[in-house]
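Any read-out appearing in this document is the output of simple, stated calculations on the displayed coordinates, not a laboratory observation. As the structure is a computational prediction, the values presented were derived from the model and not from experiment. Neighbour counts run over all protein chains shown; Cβ positions are idealised from the backbone, glycine included.
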Amino acid sequence: MSSFDGKTIWIIGASEGLGRALAHALGQQGASLILSARNLERLSELCSELPDARAIRCDVTELDSVRSAVAEAGHVDGLVYNAGAYDPMRSAEWDTEASLRMSDVNYLGALRVLGETVPGFVRAGQGEVTLIGSLAGYHGLPAAIGYGASKAALISLAETMRHDLAGTGVTVRIVNPGFIKTRLTEKNGFKMPMLMTPEDAADRVVKAMSRRRFRTDFPAPFSWFIRLIDCLPDLLVYRGK
Ligand SMILES: NC(=O)c1ccc[n+]([C@@H]2O[C@H](COP(=O)([O-])OP(=O)(O)OC[C@H]3O[C@@H](n4cnc5c(N)ncnc54)[C@H](OP(=O)(O)O)[C@@H]3O)[C@@H](O)[C@H]2O)c1
């Protein structure tokens, strides 16, 4: 028996990539799943591959959609905020609409979903919140206009919740993956170090969800390298620029 047996877990951003692989991994561990995203067809297909799962369409950029999904979901033991949007973008090629879309899905969507669920968790004295951030949230990296800042905001949000929710019975954790081979990273024209399969990344997320640890960064040593950048002087980080 696993720690997910009989637990109802809501994955937001479950139709593709990491979320889809996570649904399979949690399903194998006995979790009862609620799967959300915009593409209901892909979600229904996924539900048919799993022993105990139902789909609820939800667009995290629309508060009404989030509210009706929360009402339809009913009681959940835990939620995973995995919805994400990404377009590589340099400052000189700024696409206003794309940068706003990334912020809307990656960060503001989390505010909508958590604002509609966390107070209920606190009232019940239980609930688990897992936020899927990114190693790109730790430092301003090149070609990450919109994306990097939205993930930094998500990490900051998790840190605040970690302070505020202590002693309430509600657990919050942030999981920051490195590169995963999904439709999202297909847009990258560079060689991605330590690229993982969605299945490998999902196994690591499940492991993180089984522990009480607040923060999980992977894969090492790439994650150590990213965090080290913050300790280096600007002179070294931006040398020659
Ligand atoms: N791939 C990587 O290298 C990598 C690295 C670090 C972190 N991450 C993070 O991991 C998460 C999953 O990314 P992925 O690589 O698996 O990307 P993906 O394959 O594009 O999956 C993204 C998921 O988010 C959902 N989504 C997008 N916009 C949404 C919206 N407005 N409302 C509800 N759901 C929405 C998508 O479903 P619909 O399109 O059906 O709505 C899809 O299920 C993201 O948060 C991403 O930032 C990815």
task: Step through the residues of the stretch 85-99 one at a time and calculate ³J(HN,Hα) from phi using the Karplus curve (6.51 cos²θ - 1.76 cosθ + 1.60, θ = phi - 60°), rounding each to whole Hz and writing x for Gly and Pro.
output: 9, 8, 9, x, 8, 8, 4, 6, 10, 4, 10, 3, 5, 5, 5
query: Among Arg173, Arg90, Arg20, Arg215, which comes first, then next, by fewest other beta-carbon atoms within 10 Å?
result: Arg90, Arg215, Arg173, Arg20
query: Near the amide H of Gly127, under 5 Å away, which other amide H atoms are found, from residues 5 or more places off or on another chain, if H is placed in the peptide plane?
result: Thr171
field: Under the Karplus curve 6.51 cos²θ - 1.76 cosθ + 1.60, θ = phi - 60°, whole-Hz ³J(HN,Hα) for the stretch 159-172, x wherever Gly or Pro sits
entry: 5, 5, 4, 4, 5, 5, 8, 4, x, 8, x, 9, 9, 10
message: Rg and Dmax in Å for the stretch 8-237, alpha carbons only: what are they?
response: 17.0, 54
statement: Quick note, the stretch 188-241: a/c under 1.5 would make it rounded; otherwise a/b > b/c is prolate and the rest oblate (a ≥ b ≥ c, C-alpha gyration tensor); here it is oblate
field: Top positive-direction residue, dipole computed over the stretch 55-141 with Cβ charges, set Val60, Ser91, Gly78
entry: Gly78
task: Within the chain, what's the longest run with no chymotrypsin sites (Phe, Trp or Tyr not before Pro) in a DSSP loop and at most 11 other beta-carbon atoms within 10 Å? Give the range, please.
output: 95-189
- request: State to the nearest 20 debye the size of the charge dipole of the chain about its Cα centre, where the only charges are +1 on K and R beta carbons and -1 on D and E beta carbons.
  value: 660
task: Calculate one ³J(HN,Hα) per residue across the stretch 184-196 by plugging θ = phi - 60° into the Karplus curve 6.51 cos²θ - 1.76 cosθ + 1.60, and present them in order as whole Hz with x for glycine and proline.
output: 5, 7, 4, 7, 7, x, 10, 6, 8, x, 6, 4, 9
- request: Let me know the charge dipole size of the stretch 1-131 about its Cα centre in debye, to the nearest 20, where only the beta-carbon of Lys, Arg (+1) and Asp, Glu (-1) is charged.
  value: 260
message: Can you show me the helix-derived [θ] at 222 nm for the chain, built from DSSP H runs with n ≥ 4 at -39,500 (n - 2.57) apiece and divided by the number of residues, rounded to the nearest 500.
response: -12500 deg cm²/dmol
task: Enter the Cα centre distance for the pair the stretch 177-226 and the stretch 80-129, rounded to the nearest angstrom.
output: 18
- prompt: Pulled fully out, how much extra length does the chain show between Arg162 and Leu232, if you take 0.36 nm times their separation in residues and subtract their Cα-Cα distance?
  reply: 22.5 nm
Partner aspartates and glutamates for Lys241 [C-alpha distance under 15 Å; skip if fewer than 8 residues away on the same chain]: none
Sum of side-chain charges, Thr171 neighbourhood, beta-carbon under 13 Å (Lys, Arg +1; Asp, Glu -1): +4
